[in-house]
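> Before I ask anything, let me first share the structure, which is written out below as structure tokens.
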Amino acid sequence: MVDSANLETLANAYQRVMKVAPDSIDTKTKRKLVIGSLVEASARGVQDEDILTDSAIGAVTRYRQSPFGRFGRDVLSWLARIKPR
């Protein structure tokens, strides 16, 4: 069970990560990565906002550096270039 103080900490960490997460990853994917990381860290008993934030930023960074993340970024970049104006 998540108490209200920890819920506020999770919400603050979520907002911090979403502000610094790169725009090259679509919002739905970022949200999924960040929430998953925060839930996992919280389940392990982490209650420090800075540690939660670092953990979530690490999840986004790992995704961006993965082959799938690079492929998605490249496809989105390509689509942006050919987008009709």
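The values are calculated or read from the model by the stated rules, or taken from the named source; none is laboratory data. Predicted model only: the values in this text are computed from it and were never measured. Don't worry about glycine lacking a Cβ; one is built from the backbone with ideal geometry, like all the others, and counts go over all protein chains shown. Keep in mind that these areas ignore ligands, DNA and RNA; they rest on the heavy atoms of the full protein, side chains included. Shrake-Rupley method; radii C 1.70, N 1.55, O 1.52, S 1.80 Å.
> Assess whether residue 70 counts as being open to solvent by 100 Å² or more (accessible area, probe 1.4 Å), assigned to a helix (DSSP H, G or I) and at pLDDT below 70.
yes
> Give me the pairs, please: first residue somewhere in segment 20-33 and small (Gly, Ala, Ser), second residue anywhere and modelled with pLDDT under 85, beta-carbon distance under 6 Å, and either six or more positions apart or on two chains.
From segment 20-33, the pairs are 24/73.
> Can you tell which of 26, 3 is open to solvent by 30 Å² or more (accessible area, probe 1.4 Å), closer than 22 Å to residue 77 by Cα and modelled with pLDDT under 90?
Exactly one of 26, 3 is open to solvent by 30 Å² or more (accessible area, probe 1.4 Å), closer than 22 Å to residue 77 by Cα and modelled with pLDDT under 90, namely 26.
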